[in-house]
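One structure below.
The values are calculated or read from the model by the stated rules, or taken from the named source; none is laboratory data. As the structure is a computational prediction, the values presented were derived from the model and not from experiment. Here the Cβ is made from the backbone with ideal geometry for all residues, glycine too, and neighbour counts use every protein chain on show. What goes into the accessible areas is simple: the full protein's heavy atoms, side chains included, and nothing from ligands, DNA or RNA. Shrake-Rupley method; radii C 1.70, N 1.55, O 1.52, S 1.80 Å.
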Amino acid sequence: MIAAVDIGGTKIAVGMVDNDGRVLSQAECPTDAERGYAEALKRIEHLLRAMLTAAGVELTGIGVGSTGPVDPFTGEFGDVNFFPAWRGQNPVSDLARIFGVRVAIENDADASALAEAAWGAGKNKKRLIYVTIGTGIGAGIVLDGQLYRGVDGAHPEIGHHVIDASGPPCTCGFHGCWESLAAGPAMVSWVESNMPKNYAHRDHLTAKRICELAREGDALAVQAVDREARYLGLGLANLVTLYTPDAIVLGGSVMKSAVFFLDEIRKTIIRCCRFVPYEKTELTLASLGEDANLIGAARVWHHRFAQAGGPHA
Ligand SMILES: [Zn+2]
């Protein structure tokens, strides 16, 4: 039994995940980053202990997925946007000390990529790219079951590849990154900056709401959906051209509205990817659902420690 810990900007989820990637129990608490790392660690410990007692099982290990950057080998947090003050803190060594088991950490997009590759829509794909589109855009690359890592274990930041250098400012300080054009908040800001003063739907806009409005025929929302599909398509076409993967698996909250975007994404890939066998890259939706991050965190442990001869590796 693996304990999974998913550390996000607003909440921390923990769960027990079996060797087939099934979540048997879960709980969550707010991240409350400003209350400090030690407090958050206590909350994680408390939730995990309660869960272990309730399940009455023995813990094999702990897998952690975290919003990044994190160092997968030292276990330390890097300069994470949501909790910069936690830099240098080490949940891997701390949880290992507290629970007496081996612990592994990865960036959360990498964690979900590993889970989709092992237990989800990317099963049996030799070259897989998982892309999550929500508040931001993250991606993980899995080659022959192994996570692709950059120099010193760095996680490539595919959400920050530049689509239009004259585009909107990005959280990274540059302009026109894929994330700044096609993540959920980009849809909302585009509508907000283009809506007339008397726009009837100006309050409580979200990417999901904009898709609903488009379905109802709202002209501005239809434009926003078209724009979103075009930018999603451009970024994905770049991935097809650069990597020619067997499959790209799409997840994240914006992809719950995938039906609005997929046709245009496919058309864009056909137009952009003339010199590669784009038709062989399968474009598919993530299959692990709401629990993908927790399942991913558990898979991080399997990927690190159980692959050599493990029954479910
Ligand atoms: Zn950026």
Taking the criterion of being more than 16 Å from the ligand (Cβ to nearest atom), within 19 Å of the chain's Cα centre (by Cα) and more than 23 Å from ASN107 (Cβ to Cβ), would at least one residue in the range 183-193 satisfy it? yes
Cβ pairs under 6 Å, 6+ apart, first in the range 173-197 and in contact (Cβ under 8 Å) with a residue 24 or more places away in the chain and in a loop (DSSP other than H, G, I, E, B), second within 13 Å of the ligand (Cβ to nearest atom) and among the aliphatic types (A, V, I, L, M): ALA183/ILE137
Evaluate the range 30-49: report whether one residue or more is under 23 Å from VAL151 (Cβ atoms) and either loosely packed, with under 14 Cβ neighbours inside 10 Å or at pLDDT 95 or above (or both). no
Got a sec? Which of PRO185, PRO196, PRO168 is at pLDDT 95 or above and under 13 Å from GLU228 (Cα atoms)? PRO185
Looking only at the range 126-172, which residues are in a loop (DSSP other than H, G, I, E, B), open to solvent by 60 Å² or more (accessible area, probe 1.4 Å) and farther than 26 Å from GLY75 by Cα? LYS126, ALA165, SER166
Given (1) modelled with pLDDT of 95 or more; (2) surrounded by fewer than 22 Cβ atoms within 10 Å (Cβ to Cβ), index of the condition GLY296 fails: (2)
Step by step: first the residues of the range 50-81, then only those that are surrounded by fewer than 15 Cβ atoms within 10 Å (Cβ to Cβ) and not polar (S, T, N, Q), then the one that is farthest from the chain's Cα centre (by Cα). Which residue is that? GLY56
Look through ILE265, ILE270 and report the one residue that is crowded, with 22+ Cβ neighbours inside 10 Å and without any contact (Cβ under 8 Å) to a residue 40 or more places away in the chain. ILE265
Looking at (1) modelled with pLDDT of 95 or more; (2) open to solvent by 20 Å² or more (accessible area, probe 1.4 Å), can you tell me which one ASP203 breaks? (1)
Contact list please: Cβ distance under 7 Å, first residue in the range 229-245 and over 11 Å from ARG271 (Cα atoms), second residue open to solvent by 30 Å² or more (accessible area, probe 1.4 Å) and in a helix (DSSP H, G or I), pairs at least six apart or on different chains. ALA229/PHE260; ALA229/GLU264; ARG230/GLU264; VAL240/TYR278; THR241/CYS272
Pick out the one residue from ALA113, ALA96, ALA117, ALA109 that is within 16 Å of the ligand (Cβ to nearest atom), open to solvent by less than 50 Å² (accessible area, probe 1.4 Å), assigned to a helix (DSSP H, G or I) and on the phi < 0 side of the Ramachandran plot. ALA109
Out of (1) touching a Ser or Thr at 6+ places or on another chain (Cβ under 7 Å); (2) closer than 20 Å to TRP301 by Cβ; (3) not hydrophobic (A, V, I, L, M, F, W, C), the one PRO72 does not meet is (1)
